[in-house]
Amino acid sequence: MDIDGSFGEGGGAILRIGAGFSILFQRPIRIRNIRANRPKPGLRLQHLMSLKTLSRLTNSTLSECRVGTKEITLTPKQSIKSNIEAEIGTAGSIGLLLQPILIACLNFNKPEKIEIFIRGGGTFGKWAPSLNYLQHVAYNIFRNHGFNIEIDILKHGFYPKGGAVAKCTIYPPKRIKPINLTKLGKVELIQGEIISTNHLINKKVCERIKKSAEFQLNKNLGIEVRINFKYVNSLSPGVGLSLWAFSDTGAIISSGTILGEKNITSEDLGIIAANKIISYIKKEIPVDNYLSDQLIPFMATIKEPSKIKVLEVTNHTRTNLELIKFFLDRNYQVSIEKTHFIIKLL
């Protein structure tokens, strides 16, 4: 199967999901024009490590590739190892490295448990889901629908040095239940986690973010709030947080991953995170923009129809929907409502 990596948003998602689907559906693929729409086209180190880890775990054949490679081929095999170690030499996202592996594991009944030990990389990074977001939001949703993934964060990593250590345990599912998240329902508690490196402990960064976020949430929603924080050792200074809330419909709504930046005060960072989740709750949106990107590939593997309600359809989501057509004879439908969109996989 030939896939032009420049279609849609033309980024790394085509590579990750295409490779995962290749293993899942046992379809050899060629992806060309890799990341053609990015300032630095071709594979970056994190993409390279993701592909190599996937091919080693599944005993698949990956063409020779390196940083900058713009075309790869992947020939899948019908076997998988029970454990593997991976190393990321940069602050590349661990969450993104795992995405194609999780998709591939949907195809295997044995082994019952797969362990991936990761050294290096980032638990937080720009344009990527943080591990605490995945742990408390995305992987929780997957678990509720039959796919159990556990992530143990042994050491956090931030840009530019990374240096994280994590262990991911995957239990390949026997069956995934249809995903129908179209109603937010009642939310009675907002939770969250702030992670800061010890470089910033004297500035009381976590305490200031927590106080600011809690004030903003209480002022606008009047819902109980429990935000935890901790200072950690890491090679590079950094701070990141995520807020989330469970509803009585089974939805988990979130702020997504919010990162600290030099020109943003801790107080403003707390307000930014709070306003994100406030917007979703007030508009009764059960699936945040980041979660929709994670859910679409899994919705495609479920035989029964699935549907989700989102605030907007991101470029990533549109690309993911189009990519499904390469592998499956399935249609999707995007309905535009006054305040939201409904995405259906038919």
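The values are calculated or read from the model by the stated rules, or taken from the named source; none is laboratory data. Only a predicted model underlies this, so the values are computations on that prediction, with no experimental measurement involved. So basically every Cβ, Gly included, is an ideal-geometry build from the backbone, and we count neighbours across all protein chains shown.
Collect the residues in the range 11-39 that are farther than 22 Å from Leu106 by Cα, surrounded by fewer than 21 Cβ atoms within 10 Å (Cβ to Cβ) and touching a residue at least 12 places away in the same chain (Cβ under 8 Å), keeping them in residue-number order. Give the derivation first.
Initial filter on the range 11-39 (farther than 22 Å from Leu106 by Cα): 11, 32-39.
Pick out the ones that are also surrounded by fewer than 21 Cβ atoms within 10 Å (Cβ to Cβ) and you get 11, 32-33, 36-39.
Hits for the range 11-39 are Gly11, Arg32, Asn33, Ala36, Asn37, Arg38.
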Next on the checklist: Could you go through the range 167-178 and let me know if any residue there is of a type in the set (Ser, Thr, Tyr), at pLDDT 95 or above and in the same structural domain as Leu269 (by TED's automatic domain parsing).
Outcome noted: no
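Is it fair to say Leu291 is assigned by TED's automatic domain parsing to the domain that holds Ala166 and either more than 21 Å from Leu131 (Cβ to Cβ) or within 17 Å of the chain's Cα centre (by Cα) (or both)?
Working: assigned by TED's automatic domain parsing to the domain that holds Ala166: yes; either more than 21 Å from Leu131 (Cβ to Cβ) or within 17 Å of the chain's Cα centre (by Cα) (or both): yes.
So Leu291 fits the description; yes.
Could you check the range 285-307 and list, in sequence order, the residues that are surrounded by fewer than 17 Cβ atoms within 10 Å (Cβ to Cβ) and touching a strand residue (DSSP E or B) at 6+ places or on another chain (Cβ under 8 Å)?
Here is the first cut: in the range 285-307, the residues surrounded by fewer than 17 Cβ atoms within 10 Å (Cβ to Cβ) are 303-305.
Hit for the range 285-307 is Pro305, nothing else.
Among strands (runs of 3 or more DSSP E) lying entirely in the range 121-236, which contain 1 or more residues that are touching a residue at least 60 places away in the same chain (Cβ under 8 Å), among the aliphatic types (A, V, I, L, M) and out of contact with any Cys (no Cβ under 6 Å at 6 or more places or on another chain)? First the steps, then the outcome.
Working: elements: 148-155, 165-171, 187-197, 224-232.
Hits in the range 121-236: 165-171, 187-197, 224-232.
Check Ser60, Ser50 and return the single one that is without any contact (Cβ under 8 Å) to a residue 40 or more places away in the chain, of a type outside the set (Val, Ile, Thr), within 29 Å of Lys110 (Cα to Cα) and crowded, with 16+ Cβ neighbours inside 10 Å.
Values: Ser50 fails: without any contact (Cβ under 8 Å) to a residue 40 or more places away in the chain.
Answer to the selection: Ser60.
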Checklist entry - Could you give every pair whose Cβ atoms fall below 8 Å, whose first residue belongs to the range 310-322 and is touching a residue at least 40 places away in the same chain (Cβ under 8 Å), and whose second residue is among the aromatic types (Phe, Trp, Tyr), counting only separations of at least 6 or pairs across chains? => result Thr319/Phe7; Glu322/Phe7
